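Since the structure comes first, as structure tokens, the remarks are kept for the end.
Read-outs throughout are calculated quantities, based only on the coordinates presented, and are distinct from any laboratory measurement. Predicted model, so just to flag it, every value in this text is computed and none were measured. A quick note on method: Cβ atoms are made from the backbone with ideal geometry, for glycine too, and the neighbour counts reach across all protein chains shown.
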Amino acid sequence: MNRAHYLRTDIRRLIKNYPIYLAIVGVALSIWFSLEDCAFEEGMVNGNVLDTYSFAVNMSGIMIPYAFCAFSYATVFCEDLEHKYARYSINRGNTWKYVVSKAVVVYGSSVITMVLGSLLFVAAIRLKIPWTSESLQDINLVGMYSSLISGEHYWAYVFLCTLQMGMLAGVLSLAASFLSMFVSNKMLILITPILIQQILLEYRGKGWFNVMLIYPNLNRFSSDIQYFLIVFGCSLCFSALFTWGIYKKIKNRL
């Protein structure tokens, strides 16, 4: 079985099961309740979508969506090991292709879950309030991708913001998958992204290399492309590290 066959099998397994669809809705609802009291006010935050979205993703409630992103597929390794499917699947191919395929889908499903869930939230609040208003906070206009706001490309701006959150979600989900090599408690596996994010928030430094890197309105780089590539590169490196760890652990167990 080559890598393409592994990947097709994992993608079918992902889309034919309910967790990813439930997770997308869960992300949207979690971001909504992250607004706290503002969620039930007529103008929400400053009467515009951009400030409302920015406020929601900077509140503590945003930790919950990362657990929903892990819910979509992060437990696949422990489930395969538990039901003896891993050995059967690996015998038809090889361990590395098996692990890489699943890691790609764990990461990709987390990105998709965060992006679609966040866009669902934004679409819902857009029905109630305009994209911008006279009270729009300046922080949105001086950060990265601000040219998209100036050019009124609001959906593109939100998409890039959610995509970067999805990149972090992908890394955290792979971290949860790595933990599943050592523990079998699925609840602990699913809350791992929340625990890791909280640790990263508590012990982040003052430089740019910290978990806050994913928020465009908090960063200053020479260009949007450079900024995006840095975020993507950091996400890719950590994802590769966790994938390698999963591979070594599965190889030792089998």
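FRET efficiency for Glu36 and Arg92, Cβ-Cβ distance as r, R0 = 41 Å, nearest 0.05? Calculated transfer efficiency: 0.25. Distance from the C-alpha centroid of the range 37-56 to that of the range 94-115: 34 Å, rounded to the whole angstrom.
Could you pull out every whole DSSP H run in the chain that spans at least 27 Å of Cα extent along its own axis and averages -1.0 or higher on the Kyte-Doolittle scale?
Helices passing the filter in the chain: 95-126, 154-179, 224-253.
Among Tyr157, Tyr88, Tyr66, the residue with the largest mean-square fluctuation in a Gaussian network model of the chain, with springs joining Cα atoms closer than 10 Å, is Tyr88.
A Gaussian network model of the chain, with springs between Cα atoms under 10 Å, assigns the largest mean-square fluctuation among Thr95, Thr243, Thr192 to Thr95.
Along the positive direction of the dipole of the chain (beta-carbon charges: Lys, Arg +1; Asp, Glu -1; about the Cα centre), which of Tyr247, Gln226, Asn185 reaches farthest? Looking along the dipole axis, the top candidate is Tyr247. Taken along its principal axes, the alpha carbon cloud of the range 109-245 reaches lengths of 52, 34, 24 Å, longest axis first.
Computed over the chain with a Gaussian network model linking Cα atoms closer than 10 Å, the most mobile of Pro193, Pro216, Pro130 is Pro130.
With helices as the sole contributors, the chain gives -22500 deg cm²/dmol at 222 nm; each DSSP H run of n ≥ 4 counts as -39500 (n - 2.57), and the sum is divided by every residue.
Which of the lysines could a cross-linker span from Lys16 if the Cα-Cα distance has to be under 21 Å and same-chain partners fewer than 8 positions apart are dropped? Cross-link targets: Lys84, Lys102, Lys186. On a per residue basis, the convex hull of the C-alpha atoms belonging to the chain measures out at 129 Å³. For the chain, the Cβ-based charge dipole about the Cα centre amounts to some 1820 debye (Lys, Arg positive; Asp, Glu negative; other atoms uncharged).
Among the GluC sites (Glu not before Pro) in the range 62-162, those located in a DSSP loop and surrounded by at most 15 other Cβ atoms within 10 Å of their own Cβ are Glu134, Glu152.
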